[in-house]
Amino acid sequence: MKKHLVLWSLLTCFAITQQHNSQYKHGYKLYRAKKFAQAESVFKTILLSLDKEQSLRKKTLFFRGKCFLYQELYRSAISQFDAAMTFEQNDVDILYNRGKAYFFSQDYDRAIDDFTRVVRLFPESVWALYYRANSYFSANKLALAQSDYERLLELAPRFFRGWIGLAKISYSKGKLRMAVRQLKKSLRAKNSETHYYLGVIALHKNKTSDAFSAFSTAVKYNDKDYKSWYELGKIYLEKKKYQMALQSFEKAEGEIKTHDVLLQKGIALYHLQKYTQATEIFKRSLEQRESAKTFYYLGLSYQGAEQFDEATFYYTRAIRLNPRLWEAYRDRGYCESKIGKYFQAQQDYEVFISSGKTDYLAFFYRGEIYEKISQNEKALRDYNKCIKLKKDYAPAYAARSFLLLRYKNDASQALVDIEKAIELAPQESDYFNKRATLEYLLGDVEKALSDVSQAIALNGKAKYFYNRGMIYRVQEKWEKAIEDFTTAIRRDPRNANAYHSRGRTYLYTKRFDKAMDDFDKAIALLPQAMFYFHRGRTFEELNMPKEALADYDKAIALRSEAEFYYAKASILYRMKKFLESLRECNQAITANPDVADYYFLRSEIYKELGNEEDAAVNRAMGKRLKNKKY
C-alpha cells in the first residue's frame, strides 16, 4: 500500500512539474514575441502554484521581472529581481537587469552598485560598463562616466554608444568641437542617436538648418526616435509649418507623453485654428504640471474660439503664476474689451505698455477701447503709435480711417487711410465695403458701387448686399435694390434694417401690400421710430389715416424728429383738425426751422383758421428758405 502511495505521489509531482514547464514555455514564447503583459500574467500563474524551493521559480521570477522592465514598471521589476536574487546572489543576468530597472527609475546609486558587481564578475561586459557610465553621467559624476566610456571603447572600439557618451560629456563641458569629433566617430553605425546629438549641438550653435538635417536623418534611421521627432516639431513651429509640427509632435507623443510635448502639440493645434482640440491637449498638459505658458495658450485657444470669459479666466491663472508674462495682460485686455469690461481692459493695456513692451497690437487694442468710451483723441494717438511701430498693419489704417471720419469729419484723409489698408490687405472684403461708404459720403456713387461689388465678390456677407441695395435705391434702380435686400434677408433673416429698406423700396414703387408686410417684420424684430414712420406713410397711401396717426405717435414716442411732426400735422390738416395740426407743425418747425415746406403748411393752416397775417408771414418765410436752397 505504501509503495502505491509513494508511486502516486511521484507521478503527481511529475505531472505538476510537466504542467509548470509547459506553462513556462508558453510564457517564454509570449515574452520572445514581446507580448509582455500576457507573458507576465502566465509567469504570475506559475508562481502562485510553485513551491518556494523549486528551481523553476528563479527563472520565472527573472522573466516576470523582465516583462515588468519592458513595460516600464520599474518598481515591480525590481521586486521580482530581488526575489530571484534569493536563489543566487551573484547571478550576472539578474544583477544587470535590476541595475537597468534602477537606472530607468532614476535610482542611480543603486544602479551603479549593481553594474559594478556585474563588471567585477564579468570585466568584459560592455553593456554593464555602458549603463554604469550612463548612471555616472546622470548622477553628474562625469570623470567616472568618462573613464567607463573610454574603457568600453578599448574593449569594443566600434561600440558607437561609447563615442556618444563621450560626446555628451564634452557637450556638458561646453567643448562643442570635441563633441562633434566624437560623434562623427560613431557615424559608421548609421544610428539615430548620433544624429540626434549632432542636432542638439547644432541648435546650441543656432544652426537651425543643420539641426533640422540631423534630426531628419535620425528619424530616417529610426522612426521611433521620439526625441528627434520632438525637436523637429519645435523647428517646424519656429518656421510656422504648423501641420508638419503637429505630425512631428504626434510621433513624439507616442513615447514621450510629457508636459512639454503636449504643450508644443497644443501650440501647433492653436496655430492651425483647431481650438477645441488645442484646449483638450493643454488641459492634459496641466494635469502633469501647471505652467504659466500652458495657461496662457489655453487662454489664446479660448480667445480664438471667441469664448472670452473662459479666455480671461485662464489669462488670469497665467498671470498669477508669472506676473511678468506681459503678453497675458495684453490678451486679457482684449478679451475684457470684448465682454464690455473696458476699465479692466484699459488697466491691462496700461500694465503691458508700462512694462516697456512696444507691441503694436497693444496700442491698436487700447485705441479700440478709447474709441468705444469716446476718448477719441487718445484713440487716434494709439492708432498713430500702432502704425509707427508697424507700418504694414492694415487694421490700424482701417480703424483710423473711420475715426477720422467720425471724430475729425475728415473724409478725404479717411479715404487715404482706407486705400492704404486695401493696398496692404487686398483680400479683406471689409475694407472695400468701408471705402464704398466713404466714396458714397463724398458723392462718388459709381465708385462706391464698384467697391461694394468687389466686397461681395470676396465675401458675400449680408451687410454688403444691404449696402449695395442702398446705393441702387439712391440710383432709383428699384429692382436691383430689391434683389440685394432680398439676398441680405436670406443670409441674415433677423436683419430688421434690410426688411425696412426693402419695404421703403416697395413703398416708392407703390407696392403697398409688400411694403406693409416688410415694415411689420422689421418692427417685430426691432421696433424703431423710422420703421413706424414709414409704415405710417404706407397707411396714408392706403387711405388709412387713423392707423397712420397711431404709427406717427409711436415714432414720436421713440424719437422726436421734425419730419414725424410734419407728417402728423399734414394728415391732421387733411382731416380738417386745424388746431391739432397747427400744434404739430409748430413742433416740426421748433425741431428744424430751416425747412420751407413746414412754413407753407403752417401758412395753409393759418389761412383755414382765418389768420391771413400769420399765413402771409409763414408763406414769405417758406419762399425765402426755398430760394435760399436753390
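The values are calculated or read from the model by the stated rules, or taken from the named source; none is laboratory data. Every value quoted in this text rests on a predicted model; they were computed, and no experiment measured them. Every residue, glycine as well, gets a Cβ built from its backbone with ideal geometry; the counts of neighbours run over all protein chains shown. Note: areas computed on protein heavy atoms with side chains; ligands, DNA, RNA excluded. Shrake-Rupley method; radii C 1.70, N 1.55, O 1.52, S 1.80 Å.
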Would you work out which of Ala156, Trp478, Ser213 lies farthest towards the positive end of the dipole of the chain? Charges go on Cβ: Lys and Arg +1, Asp and Glu -1.
-> Ala156
Could you pull out the GluC sites (Glu not before Pro) across the stretch 465-555 that fall in loop regions by DSSP (anything but H, G, I, E, B) with no more than 11 other Cβ atoms inside 10 Å?
-> Glu476
For Ala524 and Arg324, calculate 0.36 nm times their separation in residues minus their Cα-Cα distance, and state this gained length in nm to one decimal.
-> 66.9 nm
Heavy atoms only, probe 1.4 angstrom, no DNA, RNA or ligands counted: give me His26, His534 ranked by accessible area, highest first.
-> His26, His534
Whole Å is fine, so just give me how far the alpha carbon centre of the stretch 203-277 lies from that of the stretch 592-624.
-> 83
The lysines whose Cα lies under 24 Å from the Cα of Lys385, excluding any fewer than 8 residues away in the same chain, are Lys338, Lys341, Lys357, Lys372, Lys408, Lys420, Lys434
Where a Cα-Cα gap under 18 Å defines reach, which aspartates and glutamates qualify for Lys227, not counting those fewer than 8 residues away within the same chain?
-> Glu72, Glu193, Asp210, Glu238, Glu250, Glu253, Glu255, Asp260
Given a 1.4 Å probe, how much area per residue of the stretch 138-297 is accessible, in Å²?
-> 53
Accessible area of the stretch 560-629 divided out per residue, in Å², using a probe of 1.4 angstrom | 58
Label-point separation (nm) for Glu476 and Ser374, each offset 7 Å from Cα along Cα-to-Cβ?
-> 4.0
About the Cα centre of the stretch 294-373, what is the dipole size in debye to 20, counting +1 per Lys and Arg Cβ and -1 per Asp and Glu Cβ, all else neutral?
-> 240
For the stretch 560-629, whose charge dipole is built from +1 on Lys and Arg Cβ atoms and -1 on Asp and Glu Cβ atoms, the candidate among Gly622, Leu609, Leu572 with its Cα farthest towards the positive end is Gly622
Dipole of the chain, positive end: most advanced residue of Ile235, Tyr108, Val92 [Cβ charges, Cα centre] = Val92
Where nothing but the Cβ of Lys and Arg (+1) and of Asp and Glu (-1) is charged, how large is the charge dipole of the stretch 83-159 around its Cα centre, in debye to the nearest 20?
-> 140
Quickly work out the Leu442-to-Asn140 label distance, labels modelled 7 Å from Cα along the C-beta direction, and quote it in nm with one decimal.
-> 6.9
Net charge dipole size for the stretch 560-629 [Lys, Arg +1 and Asp, Glu -1 on Cβ; Debye, nearest 20] | 220
Peptides 607-618, 91-102: what's the order by average Cβ count within 10 Å, highest mean first?
-> 91-102, 607-618
Tell me which lysines have Cα within less than 17 Å of Lys521's Cα, excluding those fewer than 8 residues away on the same chain?
-> Lys554
Given the C-alpha centroids of the stretch 382-424 and the stretch 126-156, what is the distance between them in whole angstrom?
-> 66
Treat each spin label as a single point 7 Å out from the Cα along the C-beta direction, and report the Ser450 to Lys239 distance in nm.
-> 4.3
Just the accessible area for Leu155, please: 1.4 Å probe, Å², rounded to the nearest 10?
-> 80
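Take the Cβ-Cβ distance between Ser213 and Gln344 as r, set R0 to 41 Å, and report the resulting FRET efficiency rounded to the nearest 0.05.
0.25
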Surrounding net charge for Phe578, when Lys and Arg each add one and Asp and Glu each subtract one, Cβ distance under 12 Å = +2
Added length on full extension, which subtracts the Cα-Cα distance from 0.36 nm per residue, Gln277 to Ala305 = 9.0 nm
Using alpha-carbon positions, what is the distance between the centroids of the stretch 431-479 and the stretch 102-123, in Å?
-> 80
Please work out which option in [x] 1.11; [y] 1.27; [z] 1.65 gives Cα Rg over 2.2 N^0.38 Å calculated from these coordinates, and answer with its label.
-> [z]
Quantify, in whole percent, the carbon and sulfur part of the accessible surface of the chain (1.4 Å probe; protein heavy atoms only).
-> 49
Among the listed pairs Lys480/Lys546; Lys100/Lys190; Lys34/Lys251; Lys207/Lys265; Lys44/Lys220; Lys461/Lys626, those beyond 31 Å (Cα-Cα) = Lys480/Lys546; Lys44/Lys220; Lys461/Lys626
Gain in span if fully extended, Lys190 to Glu608, counting 0.36 nm per residue against the direct Cα distance | 139.5 nm
